[in-house]
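Heads up: the structure comes next, in structure tokens.
The values are calculated or read from the model by the stated rules, or taken from the named source; none is laboratory data. Just so it is clear, the structure is predicted and the values come from calculations on it, not from any experiment. Methodologically, a virtual Cβ is constructed for each residue, glycine included, from the backbone with ideal geometry; neighbour enumeration extends over all protein chains shown.
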Amino acid sequence: MCLPALCTGVMKIASNETIPKVMGVAEGVNNAVALSNKQDLVLVVKMDPEERIDDERGSSFSRTLKEASGSGCEIVSQSSGFQQDCVPLFETGSDTTQEVIKLQSPNIAIDEHGNQGTFTLIYNQGFEVEVAGYKWFAFFPFLESNGTVTSYCDKARPGWVHDVMARQWSCFYGQRIDPPANKIPLVIAHHSSKRVPRQLFKNNPNIVNAINRIQTKWKARQYPEYHLFSSLFYSCSPVIVVAFTRRPPQSAPVTQDVKRLAGSLPETWDWRDVNGINFVSPVRDQENCGSCYAFASMAMLESRLRIITNNTEQPILSPQQVVSCSHYSQGCEGGFPYLIAGKYAQDFGMLEEAYCPYKGVDAPCQVQPHARYFVSDYQYVGGFYGACNEALMRLDLVNNGPVVVGFQVYGDFKYYSSGVYHHTGLDDAFNPFEQTNHAVLIVGYGHDATSGLDFWTVKNSWGEEWGEDGYFRIRRGNDECAIESIAVTATPIPQLG
């Protein structure tokens, strides 16, 4: 894992006016990054002052739309100067500029001119810096050899930088320049990248009976065996499995001010029934694709658009657009809600489902010109990764709408039927299962008189036949399965007229 003194500091940057598709986050990388102290990073920016890239909302994107052929859902334009891979830009020997940005705990970024902004880790595998009107985003690099992945968090892979209007784009890479006082080694983690093979899920009546026998808080049941509960199907992001299993993220302490504000909230809340009105879109099924991050992200934006417009706008947004076209995720191999409900929706906008129907596979990205929904702002609840807690989540939930979260899925969870879930400690050896991170949408909270537990009400993406009509409840207040550690919030922009 990345230790505290290693990953905040001074970074060095380089950029060019182009954008690549994400080259991929290593499967099984354990980059459990902690933040503390002050460190310097040099960001090396590849610059071409004669060329500027309009994003998809600009004139060059409109031209691309008119020239596009085929059917489907291409979102990212091939506008002038647009590239899908930043790496070659730094192999050509062309001019670069360098910029030093200081990263200070907990989330302060200061550039060479004294401009102050913010930064956040993105889970534990990348970061985003916003300062002086520009946003810098990149993943940490990794090396894979003989089934072992070695991750480094004192560097940044070639990533993207653009102004906050998403009009001018460049590529950059980063390197920490001030050595840590305790000389932490650069090799961060080793882990096998071998995946559990996809196979037909088979019921295990023994574990179902054991779950129901050892506890009474929730009920387990068998599900139809035609469901493909592979590690990709009912999970979401195998790319971050090791970080979760080795060192799950933890919720932040609650300050007295936050505790006081949360104390004024209703004892129960459910966006499916606010004075008899439902603001939550229907449950969907991600099928045999690790796209939960896309479904949860779209579900949050859908619900918040309903809330903002008092249900006058009820779009169903397209997860397939994300799977096929997002440069910030890995399609059916997983992704991060922060980068989809937040960054991707702000930079490129979201199509409605009708214009890009869900296929459940990594289909080619093709384009049709239709209106999109954008977001005006996004962040981890609490302001940055590591600042989230249960009280802040309830405040954001009630005041702004459902929030998207990640949590650690164990082998007993797939058998959930009803009640307030908590991990039993039982594993299903009958079905090979890779513990992983799953993204879902919290729509409410309450207290269960039968079990005596506080709970979150959560919308899943495994269809209405699973759980409580497609929902589940999970224990609240103790960071069950790390569900209170990485919530994401965003503000969608409704259409005019």
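Counting only residues that are closer than 20 Å to Asp257 by Cα and surrounded by fewer than 20 Cβ atoms within 10 Å (Cβ to Cβ), the stretch 370-383 holds 1 of them.
Which condition does Glu302 not pass, out of (1) more than 25 Å from Phe336 (Cα to Cα); (2) surrounded by 20 or more Cβ atoms within 10 Å (Cβ to Cβ), if it passes all the others? For Glu302, the failing item is (1). Only residues that are crowded, with 22+ Cβ neighbours inside 10 Å, modelled with pLDDT under 90 and of a type outside the set (A, V, I, L, M, F, W, C) were counted across the stretch 126-151, and they come to 2.
For the stretch 337-345, state whether one or more residues are assigned to a helix (DSSP H, G or I), buried (at least 24 other Cβ atoms within 10 Å of the Cβ), more than 13 Å from the chain's Cα centre (by Cα) and not hydroxyl-bearing (Ser, Thr, Tyr). Scanning the stretch 337-345 turns up no residue that is assigned to a helix (DSSP H, G or I), buried (at least 24 other Cβ atoms within 10 Å of the Cβ), more than 13 Å from the chain's Cα centre (by Cα) and not hydroxyl-bearing (Ser, Thr, Tyr). Got at least one residue in the stretch 361-383 being more than 21 Å from Arg284 (Cα to Cα), at pLDDT 95 or above and either of a type in the set (Asp, Glu) or out of contact with any strand residue (DSSP E or B) (no Cβ under 8 Å at 6 or more places or on another chain) (or both)? Yes, that holds for at least one residue. Counting only strands (runs of 3 or more DSSP E) that fall entirely inside the stretch 445-494 and contain at least 2 residues that are at pLDDT 95 or above and closer than 24 Å to Tyr378 by Cβ, the qualifying elements are 453-459, 488-492. Residues of the stretch 97-117 that are outside any strand (DSSP E or B) and surrounded by 14 or more Cβ atoms within 10 Å (Cβ to Cβ): Ser105, Pro106, Asn107, Asp111. Count of the stretch 462-497 residues, restricted to those that are farther than 20 Å from Arg304 by Cα, surrounded by 15 or more Cβ atoms within 10 Å (Cβ to Cβ) and polar (S, T, N, Q), is 1.
On inspection, Gly425 does not qualify as over 25 Å from Glu302 (Cα atoms) and either touching a helix residue (DSSP H, G or I) at 6+ places or on another chain (Cβ under 8 Å) or in contact (Cβ under 8 Å) with a residue 24 or more places away in the chain (or both).
So is Ile122 at pLDDT below 65 and either among the charged types (D, E, K, R) or not assigned by TED's automatic domain parsing to the domain that holds Asp427 (or both) or not? The answer is no for Ile122.
In the stretch 291-315, which residues are in a loop (DSSP other than H, G, I, E, B) and within 21 Å of Phe348 (Cβ to Cβ)? Within the stretch 291-315, Ser291, Glu313, Pro315 meet the criteria.
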